1. For a quick protection proxy, order the peptides 453-462, 379-388 by their average other-Cβ count within 10 Å, most packed first.
2. What is the gain in length, in nm to one decimal, between residue 355 and residue 274 on full extension, counting 0.36 nm per residue of separation less the C-alpha to C-alpha distance?
3. Please work out how much length the chain gains when fully extended from residue 389 to residue 426, using 0.36 nm per residue of separation minus the C-alpha to C-alpha distance, in nm with one decimal.
4. If I take R0 = 41 Å and measure r between the Cβ atoms of residue 463 and residue 252 in this structure, what FRET efficiency does the formula 1/(1 + (r/R0)^6) give, to the nearest 0.05?
5. Which of the peptides 416-428, 243-255 is most tightly packed, and how do the rest follow, going by the mean number of other Cβ atoms within 10 Å of each residue?
6. Using per-residue counts of other Cβ atoms within 10 Å, averaged over each peptide, order 362-370, 331-339, 391-399, 24-32 from highest down.
7. Quote to one decimal, in nm, the extra length available between residue 27 and residue 267 on full extension: 0.36 nm per residue of separation minus the C-alpha distance between them.
8. Compute the separation of the alpha-carbon centres of region 1-51 and region 257-284 and state it in Å as a whole number.
């Protein structure tokens, strides 16, 4: 009997949450088949089988958080007896059932408590999931139009692909949240989104599913929308943290507590950079496979060349020595509904601007659709965090461990400046380098920004 365990897919992964089982008990399994989809601290992954046979027993139910290396399933021959610790009696202690659970009827009250309504829930069949394999989609503004009627009976059933609510209002929901809701028979019109602009995100659907499976009531607001999460007061709803948000909190707190940060800010004249970007895009649009190059792509290229020129910045501090990285892998911070993730552009110093643009588009699309792979987010040596598209002029960023520096990029803003003793308007961009003082000193940080400034103010140099 082979025991499948929770895989460790990154250096920071300590546990994983079972999102869905791709195989069910009794299914034939081949070595390499995907057994389950697992939510990790960064992306969703597939837990694969390392042996062929029959999936005899699932040891970790959907929604369970399992430590790395802990057993999640048993694979063996159809007639092979289960180990004694995983017999029916023992299986009951871990909350695993071979039958599809039937969600009970849920009685819910209005926010004022004046009336109650019964919501019938139909249990979904245990069908394997398909499609997206990771958290998050791009941010979209809009209001959640899910309005219901108090005192009525509604059935939670599979939603339509782009269904409006009962009042005809559009429901804003992320693709992965829509998929999970459809798989588990949850009516998205009954949910109140906690994402930007009231958008329904994955956590809203999963919280509703978990509460229904546990027989817990869903709190109904005065307009009929379901508020997911554990209510802790009349005006507060506690939403459980995702694995991603837990990791962000833990690692960035650790970064601020262990790495003595200092910050160096410099203003860069981005006038020529913007002109160069327009020229590159005119050329890129005429290619057989057109690609749009962003200013951020040019910044990544400039940062990569600066790191190649100054390898003393491309380091990590391990307590006893400085680890000089042989490759220049630049991470780009991407904001998702669940939190922040940093896909990595590998060997960015050796790639052309168009190649970087194609890679950043691929990574951003994968992040927004949940298709990032573990290799896409590992091995970064330096990070660029750009909030310029939000109109932010200047900010400081927290270092992404185990890296030793991160560049915060602000918006390009037309600004009156003095050139040759004349006041003229130029496009200005403020950048701030956050540095781990254990690894780098102020003079090194200043020289890094000087070199980056030279490249971005004379962008043709990045092509030579």
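Every read-out reported here was derived from the displayed coordinates using simple, explicitly stated rules and does not represent laboratory data. Because the structure is a prediction, the values reported are computed rather than measured. Methodologically, a virtual Cβ is constructed for each residue, glycine included, from the backbone with ideal geometry; neighbour enumeration extends over all protein chains shown.
1. Numbers: 453-462: 16.7, 379-388: 21.6.
Highest mean packing first, the order is 379-388, 453-462.
2. Values: separation 81, 0.36 × 81 = 29.16 nm, distance 1.88 nm.
Extra length available between residue 355 and residue 274 comes to 27.3 nm.
3. Working: separation 37, 0.36 × 37 = 13.32 nm, distance 1.82 nm.
Stretched fully, the residue 389-residue 426 segment lengthens by 11.5 nm.
4. Details: r = 36 Å, r/R0 = 0.87.
Calculated value: 0.70.
5. On the way: 416-428: 11.0, 243-255: 16.8.
By packing density, highest mean first, the sequence is 243-255, 416-428.
6. 331-339, 362-370, 391-399, 24-32
7. Numbers: separation 240, 0.36 × 240 = 86.40 nm, distance 6.10 nm.
Gain on extension, residue 27 to residue 267, equals 80.3 nm.
8. Centre-to-centre (Cα) distance: 41 Å.
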